[in-house]
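Shown next, in structure tokens, is the structure this report addresses.
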Amino acid sequence: MIGLITGQVQYLMAPTACIMTTAGVGYDIELPLPSFCQLHLNEQASIWTHFHVREDAQLLYGFIDRKERDVFRQLIKINGVGAKMALAMLSAMSAAELKMHVEQESEAALTRIPGIGKKTAQRLLIELKDKLKNIEVDNGSFELMPQQTAVSHDGSIIAEVEGALISLGYKEKEAQLAIKAAKSKGDTFVDTQGLLKATLQQLSGF
């Protein structure tokens with residue numbers, strides 16, 4: 001099983017990154033959006049991975065933090081929670097926030113995640129209570145990082161952010177409103193990561 005990949009970030013298209021190892025092998029890895037936002041083109045990165053095998057595909061999911069991967073693995077053990085929903089959950093909130101909401105039995109917080117209704121949230125609260133109690137997660141904040149110097153086309157950045165959100169289950173209108181709200185604060189976003197971070201902060205308040 002592929003558990004950890006270290007190499008240079010060769011390509012970024014939210015939420016997927018291609019990491020080139022020193023052996024000359026490039027791995028396409030799909031990440032939760034907060035983890036994706038910590039990657040920068042042509043820089044070195046170490047990503048904890050989960051190798052997921054389906055009948056029609058072999059996929060790699062990646063996480064900057066190993067404990068976040070542990071939470072992901074607990075999520076996909078739950079009946080009805082596939083890799084896509086688990087990724088959406090860890091894109092909408094950090095592993096620490098998820099654990100906190102489960103401990104507080106906050107049904108409303110879980111229903112803000114795309115694809116999770118009231119009944120699913122109630123079931124998740126019950127099933128995750130025991131699964132997450134022994135996993136220690138960092139209670140770090142998700143801060144905006146300094147912007148990169150390379151400038152991308154504004155329309156391309158918006159389209160990529162919107163596409164990434166829709167792929168994780170957010171509705172088109174919801175994604176567009178969050179992006180609009182993030183841009184309305186007057187900040188200049190020179191890359192996809194910057195706008196993604198600001199948009200995720202908007203969505204976390206919905």
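(1) buried (at least 16 other Cβ atoms within 10 Å of the Cβ); (2) touching a Cys at 6+ places or on another chain (Cβ under 6 Å): which one isn't true of Y11, the others all being true?
Status for Y11: all satisfied but (1).
Among the residues of segment 119-138, what is the count of those that are among the polar types (S, T, N, Q) and in a helix (DSSP H, G or I)?
So the count comes out to 2.
Hand me the list of helices (runs of 4 or more DSSP H) wholly inside segment 64-114 holding 2 or more residues that are more than 22 Å from A178 (Cβ to Cβ).
66-75, 95-103
Take the residues in segment 12-23 that are assigned to a strand (DSSP E or B) and in contact (Cβ under 8 Å) with a residue 24 or more places away in the chain, then tell me which one is farthest from the chain's Cα centre (by Cα).
Ranking the qualifying residues of segment 12-23, first place goes to I19.
Tell me, please, whether a residue that is at pLDDT below 90 and either of a type outside the set (D, E) or surrounded by fewer than 19 Cβ atoms within 10 Å (Cβ to Cβ) (or both) can be found in segment 105-112.
yes
Table: residues versus (1) within 19 Å of E107 (Cα to Cα); (2) surrounded by fewer than 19 Cβ atoms within 10 Å (Cβ to Cβ); (3) of a type outside the set (D, E).
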residue	(1), (2), (3)
S46	no, yes, yes
H52	no, yes, yes
F63	no, no, yes
V71	yes, no, yes
K77	no, yes, yes
M85	yes, no, yes
A92	yes, no, yes
A95	yes, no, yes
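Working only within segment 24-38, note down all residues that are surrounded by fewer than 19 Cβ atoms within 10 Å (Cβ to Cβ) and within 18 Å of the chain's Cα centre (by Cα).
If the condition is that a residue be surrounded by fewer than 19 Cβ atoms within 10 Å (Cβ to Cβ) and within 18 Å of the chain's Cα centre (by Cα), then Y27, D28, Q38 are the ones that fit.
Criterion first (farther than 21 Å from I166 by Cα, surrounded by 16 or more Cβ atoms within 10 Å (Cβ to Cβ), of a type outside the set (D, E, K, R) and over 16 Å from the mean Cα position of the chain (by Cα)) does H101 satisfy it?
yes
Would you pick out the residues in segment 91-101 that are of a type in the set (A, V, I, L, M) and either touching a Leu at 6+ places or on another chain (Cβ under 7 Å) or farther than 18 Å from T49 by Cβ (or both)?
Across segment 91-101, the qualifying residues are A92, M93, A96, L98, M100.
Name every residue in segment 118-151 that is at pLDDT 50 or above and among the acidic types (D, E), in order of residue number.
The answer is E127, D130, E136, D138.
The values are calculated or read from the model by the stated rules, or taken from the named source; none is laboratory data. Note that the coordinates shown come from a computational prediction; the quantities given were computed from them, not determined experimentally. Neighbour counts run over all protein chains shown; Cβ positions are idealised from the backbone, glycine included.
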